[in-house]
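Read the structure below first, then the notes.
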Amino acid sequence: MSQDEILKRIEELEVRSAYQEDLVAKLDEVILTQANRIDRLVTEFEKIQEHMAESGEAEAPMEEQVPPHY
């Protein structure tokens with residue numbers, strides 16, 4: 001293998017490495033965004049559960065419920 005071929009291969013590896021680093025950074029951003037959204041959804045869900053528990057409104061069995069159009 002000549003010196004030029006070796007340098008060319010090294011350059012190709014450096015380019016690939018740069019693209020991979022960029023991709024990893026973008027994927028990290030996506031993961032952080034999703035984690036934040038999940039945290040917000042969990043918090044909202046817990047608040048809804050607390051509100052339902054505090055209101056004490058137990059749902060009647062399906063056969064005893066009145067349809068909304070009555």
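Brief remarks on what is shown
- Breaking point among (1) exposed (fewer than 10 other Cβ atoms within 10 Å of the Cβ); (2) in a helix (DSSP H, G or I), for THR33: (1)
- Among residues of the range 1-30 that are surrounded by 10 or more Cβ atoms within 10 Å (Cβ to Cβ), those with a Cβ under 9 angstrom from a residue that is modelled with pLDDT under 95, sequence gap 6+ or separate chain, pair up as ARG9/MET1.
- Scanning the range 1-36 for residues that are among the small types (Gly, Ala, Ser) and under 17 Å from the mean Cα position of the chain (by Cα) returns ALA25, ALA35.
- Qualifying residue in the range 49-64 (condition: of a type in the set (A, V, I, L, M) and surrounded by 10 or more Cβ atoms within 10 Å (Cβ to Cβ)): yes
- Residues satisfying the stated conditions in the range 1-30, i.e. assigned to a helix (DSSP H, G or I) and hydroxyl-bearing (Ser, Thr, Tyr): SER17, TYR19
- Those residues of the range 39-70 which are in a helix (DSSP H, G or I) and modelled with pLDDT under 75, in sequence order: MET62, GLU63, GLU64
The values are calculated or read from the model by the stated rules, or taken from the named source; none is laboratory data. Because the structure is predicted, anything quoted here is derived from the model rather than measured. In this analysis, Cβ positions are derived from the backbone assuming ideal geometry, glycine residues included, and neighbour counts consider all displayed protein chains.
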